[in-house]
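**Student:** Quick one: the structure is below, questions incoming.
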Amino acid sequence: MQTTLYGADVVLRPATADDIPVLAAIRGEPEVYARWRGGKDLEAAVADDLASPGEFTYAIEYTGRIIGAIQWSQESDPDYRHANIDIYLTSALHGRGLGTDAVRTLARHLLTERGHHRITIDPAADNEAAIRSYRKVGFRPVGIMRQYERGPDGTWHDALLMDLLAADLTN
């Protein structure tokens, strides 16, 4: 069961069907869509995210309004067990540390409450702002995953695999 999580400035609460229109609107912002895509029906894409088994999505709230979403899933095989995180935030609030706060809050929960020892995240290799944000939480680069994801233009783009061990988490 998901619980509400409290960061320094953000609140992460389990996303619900009522959040779909707001999250779809954020996903439709050009800067966000360029990284997250989702086809022509973003409400359906967000609904699919919320319904995806084994994937847990939180609405990110700041000053009482939804500003994005953060989700996690896990590899449950005991010999490879770890969690991974994905996040998107309204472009109007990029650069204010709110994404960093959300990632740190979820990472802390996954490490302390869910018992994970390692978390991965995989931003686009050219997404310097996201990479800086994740480094602030303690994530370290592992390597480039070549031609990892297809971009909106149909071409393949590289991603940077980053991971965080429990001892690396910053406050």
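**Student:** What does the C-alpha gyration tensor say about the overall shape of the chain? Classify as rounded when a/c is under 1.5, otherwise prolate if a/b is larger than b/c, or oblate.
**Tutor:** Rounded is the answer for the chain, as its axis ratio a/c remains below 1.5.
**Student:** Let me ask another. Would you check the accessible area of Trp36, probe 1.4 Å, heavy atoms only, in square angstrom rounded to 10?
**Tutor:** Solvent-accessible area, nearest 10 Å²: 50 Å².
**Student:** Next question. Using only protein heavy atoms and a 1.4 Å probe, report how much of Ser73 is accessible, in Å² to the nearest 10.
**Tutor:** 30
**Student:** Okay, moving on. Roughly to the nearest percent, how much of the accessible area of the chain is carbon and sulfur, given a 1.4 Å probe?
**Tutor:** 48
**Student:** Continuing with this model, one more query. If Asp18, Asp86 are ordered by their accessible area, calculated over protein heavy atoms with a 1.4 Å probe, which sequence runs from highest to lowest?
**Tutor:** Reading off the accessible areas and sorting them downward yields Asp18, Asp86.
**Student:** Please compute the modelled spin-label separation between Arg150 and Glu113, points set 7 Å along Cα→Cβ, answer in nm with one decimal.
**Tutor:** 3.7
**Student:** Next question. State, to one decimal in nm, how far the label point of Ala92 lies from the label point of Arg65, with both points 7 Å from Cα in the Cβ direction.
**Tutor:** Distance between label points: 0.4 nm.
**Student:** Here's another thing I want to ask about it. Taking 0.36 nm per residue of sequence separation and subtracting the Cα-Cα distance, how much length would be gained by fully extending the chain between Thr16 and Thr170, in nm to one decimal?
**Tutor:** In short, 52.5 nm is gained.
**Student:** Figure the gain on full extension for Arg140 and Glu55 (residue separation times 0.36 nm, minus the Cα-Cα span) and round it to one decimal in nm.
**Tutor:** That pair, Arg140 and Glu55, stretches by 28.3 nm at full extension.
**Student:** Separate question: If you count only protein heavy atoms with a 1.4 Å probe, what accessible area per residue comes out for region 16-56, rounded to a whole Å²?
**Tutor:** Accessible area per residue: 57 Å².
**Student:** Mind checking the full-extension length gain between Tyr80 and Glu31? Use 0.36 nm per residue of separation minus the Cα-Cα distance, one decimal, nm.
**Tutor:** 14.3 nm
**Student:** Roughly what would the spin-label model give for Thr120 and Ser73, points 7 Å off Cα along C-beta, in nm?
**Tutor:** Each label point is offset 7 Å from its Cα along the Cβ direction, giving 1.2 nm.
**Student:** Can you give the relative contact order of the chain as a percent, counting alpha carbon pairs under 8 Å and 6+ residues apart?
**Tutor:** Once divided by the residue count of the chain, the mean separation gives 19 percent.
**Student:** Scan around Gly138 for amide H atoms under 5 Å from its own, H built in the peptide plane at 1.01 Å from N, and keep only partners 5 or more places away or cross-chain.
**Tutor:** Hits under the 5 Å cutoff: Thr170.
The values are calculated or read from the model by the stated rules, or taken from the named source; none is laboratory data. Everything quoted here is computed from the prediction, not taken from an experiment. Because the Cβ atoms are built from the backbone with ideal geometry, glycine has one as well, and the counts that use them run over all protein chains shown. With ligands, DNA and RNA removed, areas are computed over all heavy atoms of the protein, side chains included. Shrake-Rupley method; radii C 1.70, N 1.55, O 1.52, S 1.80 Å.
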